[in-house]
Amino acid sequence: MAELSNQLMALTVLAYLAAMVCYAGEYAFGQRSRIGKAASRQLVGAGAPIDAPVEKVAAAPPPGKGELAGRIAVVLNIVALALHLGATVTRGIAADRMPWGNMYEYILSAALVGSAVWVGVLLRMPAVRHLGLFASLSLVVLLGAASLIAYTPVGPLVPALNSYWFIFHVSTIIISSGIFLIGAVPAVMFLIKNGYDEGKRRFPYTLGKRVPDAGMLERLTFRLHAFAFPLFTFGALIAGPLWAEASWGRYWGWDPKEVWAFISWIVYAAYLHARATPSVKRTTATWIALAGFVTMLMNLFGVNLFFEGLHSYANAG
């Protein structure tokens, strides 16, 4: 099962990479926000004479090569998600436990949540399909880093993780992290799109030419972060300290991962506060959200690889 998981992981990365290429094809050659425009297009025949040609009323431009590439990308994205799920499940079966016991498995599971969230957003809001290039790129980079930097052979849990709190604490952190990952994509693209709308034409603002409306991107950013924040709060500030007290006899010990998790919580709380404050610009609030994601990456890679602490499970298996 362990070898099957590794093989499925390789296929998963290839499938995400193929989806990314197809998304790039639509982004480069497709019509700008074609799906979003189709939803707002008015009927030509409204108020026209009864004998107006029917074909002019219902006619729609046939999908071009860019549109076809986008549809293929969605199919490949769903296939990649299925392979990703298979890689995660077989990893858990091989280890005879939940596949969250080390840094590699954490990234594998958090990226799975992020991929599932992205597919859900895509199916609910087809007009944001142009973001698929950047969402799939994020998944390819994250899974590639997991395989190259954090891969750990299947093994039992370290003794400190043998607790019923393992399920409550780690699962909520993984789910919220996966949502924050996808939430960072529209956040970045909102800043780029907003700059493009303001007349900025140097890179990276030129990428904003073909992405959806800036207001839509900002609202999507907020909704994803608002959904993830309570989960992160429970996992990091409630379940985590309770588990620490049960395992180590204290709720807080200034462990590097505890400190950085609290920093992430403060920054994301500041984002939601800024987002709810009318006097704060949406661009300023979005920059705070991205700062929160940077602290999450620091907690995932920096703390695990460069700090020693009670949470140092980067190579635990």
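Data for the structure
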read-out	value
Average accessible area per residue (Å²) across the stretch 175-317 - probe 1.4 Å, nucleic acids and ligands excluded	47 Å²
Accessible surface, 1.4 Å probe, highest first, among residues ASP96, ASP197, ASP255	ASP96, ASP197, ASP255
Ranked order, TYR16, TYR164 - accessible area, probe 1.4 Å, largest first	TYR164, TYR16
Sequence ranges 103-110, 125-132, 224-231, 281-288, ranked by mean other-Cβ count within 10 angstrom, highest first	103-110, 125-132, 224-231, 281-288
Pair TYR164, THR233: separation of 7 Å Cα→Cβ label points (nm)	2.5 nm
Hull volume in cubic angstrom per residue (convex hull over the Cα atoms of the stretch 183-287)	108 Å³
Cβ-based charge dipole, the stretch 76-227, positive-most Cα from VAL121, LEU85, PRO153	VAL121
Carbon/sulfur fraction of accessible area - the stretch 227-294, other protein chains in place, 1.4 Å, %	73 percent
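The values are calculated or read from the model by the stated rules, or taken from the named source; none is laboratory data. Since the model is a prediction, treat every value here as computed from it, not as a measurement. When we count neighbours, we look across all protein chains shown, and the Cβ atoms used for this are built from the backbone with ideal geometry, even at glycine. All accessible areas refer to the heavy atoms of the entire protein, side chains included, with ligands and DNA or RNA removed. Shrake-Rupley method; radii C 1.70, N 1.55, O 1.52, S 1.80 Å.
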